[in-house]
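Data first, discussion second: the structure below is written as structure tokens.
The values are calculated or read from the model by the stated rules, or taken from the named source; none is laboratory data. Everything numeric in this text was worked out from a predicted model, so none of it was measured. Counting neighbours? That spans all protein chains shown, and the Cβs are built from the backbone with ideal geometry, glycine included. Accessible surface areas use protein heavy atoms only, side chains included; no ligands, DNA or RNA. Shrake-Rupley method; radii C 1.70, N 1.55, O 1.52, S 1.80 Å.
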Amino acid sequence: MNQPTPRKAQDAVPADPTLRDLIGPLFRNKRPLAISFFVLLAGAVVGAIVMSGQYKASMEIFVNRQRLDPLVTSEATVQTANPPPVSEEEINSEVELLKSSELLRQVVLANGLQEREKQTLLASLLPRQKDDWYVARAVERLSKKLGTEVVKKTDVIAVSYKSSDPQIACGVLNKLAALYMEKHIAVQRPTGSSEFFSKETEKYRLALVDSEMRLASFSQTEGVAAPDVVRTDMAQEVVNSVAALHQAQQTIAADEHRMSDEQAQMNTTPSRSSTQQVSNTADVLLQQLEINLLAAQTRRTQLALKYDPSYPLVQEADQEIAQTQAAIAEAKKTQYVNQTTDRDPTYELLREDIAKTQADLASQKATAAAVERSIQSLHKEMVVLDQKAVQQASLLREAKLDEGNYLLYVSKREQERTSDALDQKRIGNVAIAVPPTVPVLPAYSVAVILPIGFLLAVFGSVAVAFAAEYLDPSFRTPGEVAEILRIPVLASVPKQSAPRRTA
């Protein structure tokens with residue numbers, strides 16, 4: 001019954017398995033079961049020992065938009081108050097930046113991982129290679145062992161690294177974080193922008209100083225500070241002068257007409273006329289003669305008291321009295337006529353008015369000529385001032401343009417300085433939310449690994465037993481014979497092992 005017979009399951013009728021049927025393969029294949037169990041258990045123990053010596057360091061990187069770096073342009077930029085949310089593409093870009101070979105190479109060199117690569121089994125079997133080969137192998141191994149994962153529904157990137165040395169595990173992540181921040185800043189913001197804006201600021205500052213100096217020297221050399229203002233005032237003065245010229249011309253015409261009219265009136269007006277005629281006697285002379293007569297009579301009276309009438313002095317007094325009386329009589333007969341003549345007032349008025357008008361006319365003509373010459377001079381000066389105003393306007397525009405460029409580049413320079421300062425403080429769009437620390441406990445606990453290894457050994461050994469049962473072509477029970485060969489079984493003898501011989 002133990003001869004191998006080919007199995008024919010085409011016409012087999014399956015029966016309900018019993019517990020004995022299920023455990024039977026385990027008893028029939030005790031050796032493969034035991035060997036596989038102990039091998040798997042030994043592997044689990046070895047794996048637990050190896051894995052318990054691995055230390056895992058981890059860190060978390062938070063990708064956000066706390067600030068927006070200004071665009072590096074020569075135009076004024078306006079910062080938006082609410083930056084847009086971080087997209088999935090940006091997070092994936094940061095992940096790829098973390099895993100870039102350049103960063104990993106620097107991490108390898110900084111932590112000496114190429115020296116550990118020289119001590120591996122593969123390196124001992126191969127001939128001695130160049131240092132670059134070991135660095136490349138270390139970079140490849142680091143790329144495989146470095147775990148990067150984006151935490152679901154967050155903007156956090158979890159980074160982990162395992163090593164048998166906890167200091168190396170922490171050092172790798174620390175160096176990677178530092179290099180990643182520098183690389184992120186270098187990628188997000190172009191290098192040299194601050195120096196560029198500093199140079200441009202200095203250039204436009206010098207241009208502004210030159211423009212202001214030329215503008216100041218223009219006022220000194222041309223002798224005018226604001227030609228456009230002076231030109232406007234001069235234009236108003238020209239308007240006033242033209243009005244004064246027209247007024248003078250009107251006055252001249254009026255004076256000429258007035259003079260001709262007054263000259264015609266003077267030709268018909270006499271130059272002199274009688275103004276007063278008075279007829280009267282010589283009252284003043286009579287009064288004087290009477291006074292003289294009274295004085296002579298008084299003197300004669302006084303002389304008569306002293307002398308005889310024949311005395312010469314008395315006679316002389318008598319003669320004086322007689323002459324005075326004769327003169328009085330003659331004066332009473334005389335009549336005086338006083339006649340006053342003077343120039344005709346109308347004639348004199350016309351003459352004086354003509355003289356005044358002639359003087360006014362000469363003055364108005366002189367004024368008109370002077371105003372006309374002044375207008376011509378003002379026109380010439382306005383043309384010169386207009387040219388100076390154009391030159392000054394050009395200088396002003398150039399100065400304003402240089403000032404605008406200078407202020408713009410000063411603003412851009414300050415923006416770049418602020419960005420550089422924030423970058424130096426690591427205030428950017430990414431931040432190390434959870435920095436790496438030196439792990440104290442191993443990545444995997446033996447108390448967890450051994451039960452899991454034991455369970456895996458149990459399930460593995462059972463699987464090996466059932467596989468051996470399946471691959472064994474011999475009949476093991478009378479039921480299999482009846483089921484497969486469809487012949488009745490008369491008797492069955494169980495397999496027994498030979499008895500051991502004892503000496």
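Determine if the range 43-54 includes at least one residue that is under 29 Å from Gln415 (Cβ atoms), surrounded by 15 or more Cβ atoms within 10 Å (Cβ to Cβ) and at pLDDT below 85.
Within the range 43-54, none of the residues are under 29 Å from Gln415 (Cβ atoms), surrounded by 15 or more Cβ atoms within 10 Å (Cβ to Cβ) and at pLDDT below 85.
If you scan the range 385-422, which residues turn out to be β-branched (Val, Ile, Thr), open to solvent by 70 Å² or more (accessible area, probe 1.4 Å) and modelled with pLDDT of 80 or more?
Val390
Out of curiosity, is Ser211 at pLDDT below 80 and part of a helix (DSSP H, G or I)?
It is false that Ser211 is at pLDDT below 80 and part of a helix (DSSP H, G or I).
Do the conditions hold for Ala186, that is, is it under 23 Å from Glu414 (Cβ atoms) and out of contact with any Gly (no Cβ under 6 Å at 6 or more places or on another chain)?
yes
Let me spell it out: the conditions are (1) open to solvent by less than 90 Å² (accessible area, probe 1.4 Å); (2) more than 17 Å from Asp255 (Cβ to Cβ); (3) out of contact with any helix residue (DSSP H, G or I) (no Cβ under 6 Å at 6 or more places or on another chain), and Gln376 meets all of them except one. Which number is the exception?
That leaves (1) as the condition not met.
How many residues does the range 140-166 hold that are open to solvent by 40 Å² or more (accessible area, probe 1.4 Å) and in contact with a Phe, Trp or Tyr (Cβ under 8 Å, 6 or more places away or on another chain)?
5
So which residues in the range 229-269 are open to solvent by 70 Å² or more (accessible area, probe 1.4 Å) and under 29 Å from His379 (Cα atoms), if there are any at all?
Correct list: Val229, Thr232, Asp233, Gln236, Glu237, Val239, Asn240, His246, Gln247, Gln249, Gln250.
Which residues, taken from the range 167-203, are at pLDDT 75 or above and open to solvent by 50 Å² or more (accessible area, probe 1.4 Å)?
Those that are at pLDDT 75 or above and open to solvent by 50 Å² or more (accessible area, probe 1.4 Å): Gln167, Asn174, Lys175, Glu182, Lys183, Lys199, Glu202, Lys203.
What are the residues in the range 103-117 that are more than 41 Å from the chain's Cα centre (by Cα), crowded, with 18+ Cβ neighbours inside 10 Å and within 15 Å of Leu176 (Cβ to Cβ), if any?
Val108, Asn111, Leu113
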